[in-house]
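S.K.: First the structure, which I've put down as structure tokens, then a few questions once you've had a look.
The values are calculated or read from the model by the stated rules, or taken from the named source; none is laboratory data. Every value quoted in this text rests on a predicted model; they were computed, and no experiment measured them. For neighbour counting, all protein chains shown are included, and Cβ atoms are generated from backbone atoms with ideal geometry for every residue, glycine included. For accessibility, only protein heavy atoms count, side chains too; no ligands or nucleic acids. Shrake-Rupley method; radii C 1.70, N 1.55, O 1.52, S 1.80 Å.
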Amino acid sequence: MSYTYEYPRPALTVDCVVFGLDEEDLKVLLIRRGVEPFQGKWALPGGFVRMEESLEDAARRELQEEAGIRPNLLEQLYTFGAPDRDPRSRVVSVAYFALVKLTDHRVQAATDAREAAWFSVYDVPRLAFDHTDILATALQRLKGKVRYQPIGFELLPPKFTLTQLQRMYEKILERELDKRNFRKKILSMDLLEELDEVEQDVSHRAARLYRFDHKKYKQLEKAGFNFEL
């Protein structure tokens, strides 16, 4: 016979930091809360974990329900458990971060989210709960991980220019990279497939398009290859 201890227990939630990229900046997805607490305030998408679902399933469900987002890359970030982080009760949150291509995801608010929108990660409004801390933790994780794993390609379109690739790293790392050294380093890895295609409908000289070879990277990774920028 199972036994349940008779004492108050904390509730469990998931919160999701979803990053996207456009020509201007690195973006984060926020939802405007439609219910209390913090009704009308901006927050990260997330919610309570159901009894029958895993943490990742809960994170994916909340993203779909609150913003219509289905990310390919979704990773567990950190657990936030300060006793006063939620005014409703004792709530522990497991945070996740995700990377998406903005062109593939048209956000649409639903359930308890009144509105969903993309904000520059460097210009976000005051967030509900402890979501400012969660966002800062996710951004630090992204800045570190993008240098030793090719996760940044999840932010780019399937076909991209070397300039787009460099700008992606510059926006995440918040610093300029030397064009010659960057291209020499990234091309020496032999992970980019040069396409017989160039940019279309641009006012400047059309640049060559490339594609990241995921299959080749997986093969090299198994052989001990280190992706490092």
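S.K.: Considering (1) among the acidic types (Asp, Glu); (2) exposed (fewer than 11 other Cβ atoms within 10 Å of the Cβ); (3) modelled with pLDDT under 90, say which one residue 196 fails and leave the rest.
M.R.: Residue 196 satisfies all of (1) among the acidic types (Asp, Glu); (2) exposed (fewer than 11 other Cβ atoms within 10 Å of the Cβ); (3) modelled with pLDDT under 90 except (3).
Let's see how each residue does on (1) buried (at least 17 other Cβ atoms within 10 Å of the Cβ); (2) aliphatic (A, V, I, L, M):
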residue: 74; (1), (2): yes, yes
residue: 84; (1), (2): no, no
residue: 96; (1), (2): yes, no
residue: 103; (1), (2): no, no
residue: 106; (1), (2): no, no
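S.K.: When both residues are 6+ apart or on different chains and their Cβ atoms are under 9 Å apart, which pairs have a first residue that lies in region 115-127 and is closer than 19 Å to residue 141 by Cα, and a second that is of a type in the set (Ser, Thr, Tyr) and modelled with pLDDT of 95 or more?
M.R.: Here the result reads 124/132, each pair linking region 115-127 to a residue that is of a type in the set (Ser, Thr, Tyr) and modelled with pLDDT of 95 or more.
S.K.: Could you check, for region 215-229, whether at least one of its residues is assigned to a strand (DSSP E or B) and not aliphatic (A, V, I, L, M)?
M.R.: no
S.K.: Which one is least open to solvent (accessible area, probe 1.4 Å) among residues in region 1-52 that are free of Cβ contacts under 8 Å to residues at least 12 places away in the same chain and hydroxyl-bearing (Ser, Thr, Tyr)?
M.R.: Step by step, filter region 1-52, then rank; the result is 4.
S.K.: Out of region 217-229, which residues are surrounded by 14 or more Cβ atoms within 10 Å (Cβ to Cβ) and more than 24 Å from the chain's Cα centre (by Cα)? Break it down into steps so the answer makes sense when it comes.
M.R.: If we filter region 217-229 for residues that are surrounded by 14 or more Cβ atoms within 10 Å (Cβ to Cβ), which is where we start, we get 217, 220, 225, 227, 229.
Listed by number, the residues that qualify are 220, 225.
S.K.: What strands (runs of 3 or more DSSP E) lie completely within region 15-110 and have 2 or more residues being among the β-branched types (Val, Ile, Thr) and in contact with a Lys or Arg (Cβ under 9 Å, 6 or more places away or on another chain)? Show your work before the answer.
M.R.: Numbers: elements: 26-33, 46-48, 73-80, 91-99.
Those strands (runs of 3 or more DSSP E) span 91-99.
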